[in-house]
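Let me begin by presenting the structure, written as structure tokens, before commenting on it.
What follows draws every value from the coordinates through simple rules; no lab data is involved. No experiment lies behind these values; they were computed from the predicted model shown. As a convention, Cβ positions derive from the backbone with ideal geometry for all residues, glycine included, and neighbour counts pool all protein chains shown.
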Amino acid sequence: MDQATGMHSPGNIRELENVIERAVVFCDVDIIKTADLPVFLKEKTEEDLAASDLALAEKVEKLEIMEIKRALRENDGVKSRAARALGITERMLGYKMKVYDLSSK
């Protein structure tokens with residue numbers, strides 16, 4: 001997490017700068033909107049999921065997928081570190097990735 005902005009960003013500052021520069025170049029107006037940003041910056045938050053009309057099982061699945069993706073991103077795709085960050089075994093992470101059809105990249 002960037003200490004200055006409080007924003008989660010995969011990668012380093014240079015990558016974040018590239019994202020902002022690209023948004024500025026392709027933006028139609030003077031204000032950068034959500035649509036101008038890459039998908040990874042538009043993930044749903046826990047609050048969005050809680051407010052949705054999804055069944056509990058669907059909310060749990062979406063939250064689990066979101067957390068797995070976050071852990072993999074923050075640990076450079078290294079499954080053992082991501083599993084440790086999630087508090088599960090690497091085998092369980094592998095199983096969940098297979099069930100949800102997720103890759104480590």
| said: Using Cβ contacts closer than 10 Å as the measure, can you line up Glu47, Glu15 from fewest to most? | reply: Glu47, Glu15
| Karplus-derived 3J(HN,Hα), 6.51/-1.76/1.60, for each residue of the range 77-90, Hz, glycine and proline x | x, 7, 4, 4, 6, 5, 4, 4, 5, 7, x, 10, 6, 5
| request: State which entries of Lys33/Lys98; Lys33/Lys96; Lys59/Lys79 exceed 29 angstrom in Cα-Cα distance in the structure shown. | output: Lys33/Lys98; Lys33/Lys96
